[in-house]
Amino acid sequence: MQKLIFTLSLLTGMVCSAFAQNHPTCDGNRYVNPSFATVDTTLTVLYGNNTTFAGNNQDLYMDIYEPTGDAAAMRPAIILAFGGSFISGQREDMEDLCRYYAHHGFVAVTIDYRLYDGPLFPFPDSSDMTDVVIKAVGDMKASIRFLREDAATANTYRIDPNMIFVGGISAGGIAAAHTAYVDSTDNIAPNEMMAINNNGGYEGNSSTNVGMYSSEVHGVVNFSGALRDADYIGANSAPLFSAHDDMDGTVPYAYGSAQVFGIPIIAVEGSSVMATKATNAGVTNFLITLPNSTGHVSYFGSNAAQWQDTVLNTSGEFLHDNVICPLISSVGALSTELVTAKFYPNPSNVDMTVAFENLSSSYTIALYDNMGRQVFQEKEINTDRYLLAKENFAAGVYFVNIQFEDGSIAPIQSKVIFQ
């Protein structure tokens, strides 16, 4: 399966332990391709209950999407949370994403979580929104425990309790990241620690099975989310996949304030800082950056087809390669065989040469512009010196993807500039 990866960083703390093993469901196709034609749904499953910011009682529900006809006894699950600045949104907003992951072999779950339901005048401040985020984290942890309890009892959904991932869009990504990475070893600010304690501690109090089942997660899919402090990511943290616009004005790509209706609310550290911290801590992670983009989650918006498939496909491949099936990986295949390539001159106002060392396989070369649109492709190339003719390219920045016919050779990605 061709991975089209543009402005990205592959930041590795690869899972290459002698104890790494494939999940029983691994077949080289599931999780990276749509292996199931249809999806079964179980809607409005009660998983918890709690009190909102304004003191209202709220039942918490999830919708569950499963691959139709799947005979596997235990399946990896991904829990997804919607976006909406912790003020708006609903679990049904994630239906399309859930269907995508279910078609690829996951049990996909979209959840309710408590939103801010207090007055909008005066506008909620950082203290209010900290409390709301902590409530959302407690709700997500309750949903994880629900799936583990089901796996240990009725086993209705055939979830593998050792393969539970969390993710979300924007606010949902923020909730997922804090669910995965915040624990008692972290340096928490006193006011934030007070909010945690007021909401049942690190596990929250949105279900009655606290202490009976774990809320540990095994991977995070972060679509334009952030952490209050990226130092929450430590050496033993779960692998992290992220995608983010590099000039996002709502949730910062690096450092800045998360905003609600354009109003700065609280300082956070976005996907690029999280990726750097994960790399420094030796945590496997992968970041897709949308270059020169002021949008927020623009890769899932209208006219985003050139990015949406890339982001979604790569997220599934990341979980497949680094967690579920590490011994038959594609991204993880970087540890098998490397072929290096040099691009010169770069930048160039003449033809550019792509020169390979130790080439032992034919390959396909493709170039994409900075909007993610494919502008050039040639297949079944066998030469170790390939010429990119300047006449084929307008002046600008391009992203090169080279895929080898020999699947054991890691693909090559690079940025080139024609002047």
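Sort out for me the strands (runs of 3 or more DSSP E) sitting completely within the stretch 359-419 that have 3 or more residues that are under 27 Å from the mean Cα position of the chain (by Cα).
Correct list: 363-368, 396-404, 412-418.
May I ask you to list the residues in the stretch 219-277 that are of a type in the set (Val, Ile, Thr) and out of contact with any Asp or Glu (no Cβ under 8 Å at 6 or more places or on another chain)?
Listed by number, the residues that qualify are VAL220, VAL221, ILE233, THR250, VAL251, VAL260, ILE263, ILE266, VAL268, VAL273, THR276.
Consider ASP125 carefully, then state whether it is modelled with pLDDT of 95 or more and either surrounded by fewer than 18 Cβ atoms within 10 Å (Cβ to Cβ) or assigned by TED's automatic domain parsing to the domain that holds SER224 (or both).
When the stated conditions are applied, ASP125 does not pass them.
Restricting the first residue to the stretch 181-203 and requiring it to be over 24 Å from ALA54 (Cβ atoms), which pairs with a second residue that is among the polar types (S, T, N, Q) and surrounded by 13 or more Cβ atoms within 10 Å (Cβ to Cβ) meet a Cβ separation below 7 Å and a spacing of at least six or different chains?
TYR181/SER237
Filter the stretch 243-265 down to the residues that are out of contact with any Pro (no Cβ under 8 Å at 6 or more places or on another chain) and within 16 Å of ASN292 (Cβ to Cβ) and list them by number.
Listed by number, the residues that qualify are ALA243, HIS244, ASP245, MET247, ASP248, GLY249, PRO252, TYR253, ALA254.
Which of the strands (runs of 3 or more DSSP E) contained wholly in the stretch 187-270 include at least 1 residues that are of a type in the set (Gly, Ala, Ser) and under 18 Å from the mean Cα position of the chain (by Cα)?
240-245, 263-270
Out of ARG373, ARG385, report the one residue that is in contact with a helix residue (DSSP H, G or I) (Cβ under 7 Å, 6 or more places away or on another chain) and not hydroxyl-bearing (Ser, Thr, Tyr).
Going through ARG373, ARG385 in turn, the sole match is ARG373.
Just give me the residues in the stretch 149-164 being in a helix (DSSP H, G or I) and either out of contact with any strand residue (DSSP E or B) (no Cβ under 8 Å at 6 or more places or on another chain) or not aliphatic (A, V, I, L, M) (or both), in sequence order.
Matches in the stretch 149-164: GLU149, ASP150.
Considering ARG145, ARG158, which residue is at pLDDT 95 or above, of a type outside the set (A, V, I, L, M), on the phi > 0 side of the Ramachandran plot and in the same structural domain as ASN322 (by TED's automatic domain parsing)?
Of ARG145, ARG158, the one residue that is at pLDDT 95 or above, of a type outside the set (A, V, I, L, M), on the phi > 0 side of the Ramachandran plot and in the same structural domain as ASN322 (by TED's automatic domain parsing) is ARG158.
From the list ALA254, ALA238, which residue is under 28 Å from GLY105 (Cβ atoms) and either small (Gly, Ala, Ser) or not assigned by TED's automatic domain parsing to the domain that holds SER88 (or both)?
ALA238
The values are calculated or read from the model by the stated rules, or taken from the named source; none is laboratory data. Please read these numbers as outputs of a predicted model, since none were measured by experiment. Here Cβ is always computed from backbone atoms with ideal geometry, including for glycine, and neighbour counts include all displayed protein chains.
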